[in-house]
Amino acid sequence: MRQIEAFHAIYVSGSISGAARVLNVSQPSLTKVLQHAEQQLGFALFRRVKGRLVATDEAHVLFREVSDVHERLSSLRKTARNLRSGSAGNVRVAVLPALGLDIAPAAVAKFRKSHPDVTFDVMTLHHDDVLRSLYERRSEVAIAYAPAPHPRLKITELCTAELVLMHRRDLPKVPARIDLTWLKGKDIIGLSTSGPVGDLFASTLARLHVTAHEVVSAQTFYLAAGMVRHGAGMAVVDEPTAYAMSDQHTTFKVFDPAVRFEVCAIHLEDRPLSQLARAFVQNVREQLLQTQATHNRRL
């Protein structure tokens, strides 16, 4: 393990001195570990070229394997550290970026008013990283969209939401309720990595044989909404993003029929939520429903 750590640090930093600083060890001791590794392997990992440390071809091949092992070791350490630092007075929650715009901040603020001694660790992560944060114990509960069933996960539906079309208010001839076939041939801002909700929308369009013209590809709903705000085009986004990002220049329209998905709370099946975490999840549910009701009245 020491050799793996040493090799990874030297490869990434490009020098013995840089790797020693990362690992908080002395340069001579790190050099000895590297030399021992090369002796056991039977080939050199690095060579000196004009005073610089350069990885060999063998090192490049080996690094792909070592990187995977190093990532798992890092995950193991994070899990152990988070297990050690767990506290009944702390809630660790992961949310999607779309929920980090308004829903999660509002829910945390409301919860803190009634539980002023509780502390929070809140992180915004993409769908796959949200699930990883649970496995690594970086979060005890996650709020995400349409998670796939998994034997290790306990999934609780909080509410249903829908996809909407966000556009500039000055865009002419946008129907009040949009049939998906209306998008055929239209210029829209697409999503490159939108998780299961993006997959849901793509499959819905494919079923209807609708092909939109994707002029920009964005990675998150809120980034797509930001581009709409600046006039880059129309975008299909989730309700929470549309609520948070609509202003005097932008608005959104619903689809008919609606393209719905579930907003869920997720935690590990073998790690039941604390009483505080359960109470916070209920707070998130109330915030989601309240936000929907407020905007429905406006519409």
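Report, ordered by the first and then the second residue, all pairs with beta carbons closer than 6 Å, sequence separation of six or more or different chains, a first member in segment 140-161 that is outside the structural domain of I103 (by TED's automatic domain parsing) and farther than 7 Å from I266 by Cα, and a second member that is hydroxyl-bearing (S, T, Y) and assigned to a loop (DSSP other than H, G, I, E, B).
none
What are the residue pairs meeting all of these: first residue in segment 166-184, first residue in contact (Cβ under 8 Å) with a residue 24 or more places away in the chain and more than 15 Å from G233 (Cβ to Cβ), second residue aliphatic (A, V, I, L, M) and surrounded by fewer than 14 Cβ atoms within 10 Å (Cβ to Cβ), Cβ atoms under 6 Å, and 6 or more apart or on different chains?
L180/L208
Among (1) in contact with a helix residue (DSSP H, G or I) (Cβ under 8 Å, 6 or more places away or on another chain); (2) surrounded by 16 or more Cβ atoms within 10 Å (Cβ to Cβ); (3) touching a residue at least 60 places away in the same chain (Cβ under 8 Å); (4) within 18 Å of E262 (Cβ to Cβ), which single condition is D128 missing?
If we test D128 against (1) in contact with a helix residue (DSSP H, G or I) (Cβ under 8 Å, 6 or more places away or on another chain); (2) surrounded by 16 or more Cβ atoms within 10 Å (Cβ to Cβ); (3) touching a residue at least 60 places away in the same chain (Cβ under 8 Å); (4) within 18 Å of E262 (Cβ to Cβ), just (2) comes out false.
Specify which of the listed residues (G185, G195, G89) is loosely packed, with under 13 Cβ neighbours inside 10 Å, at positive phi and either of a type in the set (S, T, N, Q) or modelled with pLDDT under 90 (or both). Show your work before the answer.
Working: G195 fails: loosely packed, with under 13 Cβ neighbours inside 10 Å; G89 fails: at positive phi.
Going through G185, G195, G89 in turn, just one is loosely packed, with under 13 Cβ neighbours inside 10 Å, at positive phi and either of a type in the set (S, T, N, Q) or modelled with pLDDT under 90 (or both): G185.
Which residue out of R21, R47 is modelled with pLDDT of 90 or more and either touching a strand residue (DSSP E or B) at 6+ places or on another chain (Cβ under 7 Å) or not in a helix (DSSP H, G or I) (or both)? Let's see the steps before the verdict.
Numbers: R21 fails: either touching a strand residue (DSSP E or B) at 6+ places or on another chain (Cβ under 7 Å) or not in a helix (DSSP H, G or I) (or both).
None of the others qualify; the one that does is R47.
Confirm whether F46 is buried (at least 16 other Cβ atoms within 10 Å of the Cβ), within 30 Å of L131 (Cβ to Cβ) and out of contact with any Gly (no Cβ under 9 Å at 6 or more places or on another chain).
On the way: buried (at least 16 other Cβ atoms within 10 Å of the Cβ): yes; within 30 Å of L131 (Cβ to Cβ): no; out of contact with any Gly (no Cβ under 9 Å at 6 or more places or on another chain): yes.
No; evaluated as a whole, the condition is false for this residue.
Mind listing whichever residues of segment 96-110 are under 17 Å from V197 (Cβ atoms) and out of contact with any strand residue (DSSP E or B) (no Cβ under 7 Å at 6 or more places or on another chain)?
Passing the criteria: L101, I103.
Output the number of residues of segment 108-141 satisfying the condition of being of a type in the set (D, E) and not in a loop (DSSP other than H, G, I, E, B). Break it down into steps so the answer makes sense when it comes.
Residues of segment 108-141 that are of a type in the set (D, E), as a first pass: 117, 121, 128-129, 136, 140.
Then drop every residue that is not not in a loop (DSSP other than H, G, I, E, B), which leaves 121, 128-129.
Counting residues in segment 108-141 that are of a type in the set (D, E) and not in a loop (DSSP other than H, G, I, E, B) gives 3.
Note down all Cβ pairs under 9 Å where the first residue falls in segment 87-112 and is farther than 12 Å from L125 by Cα, the second is part of a helix (DSSP H, G or I) and among the acidic types (D, E), and they're at least six residues apart or on different chains.
Filtered contacts from segment 87-112: A107/E286; K110/E286.
Given the structure, is T220 of a type in the set (S, T, Y) and at pLDDT 90 or above?
Numbers: of a type in the set (S, T, Y): yes; at pLDDT 90 or above: no.
When the stated conditions are applied, T220 does not pass them.
The values are calculated or read from the model by the stated rules, or taken from the named source; none is laboratory data. This is a predicted model, so every value here is computed, not measured. Positions of Cβ are generated from backbone atoms using ideal geometry, with glycine treated the same way; all protein chains shown enter the neighbour counts.
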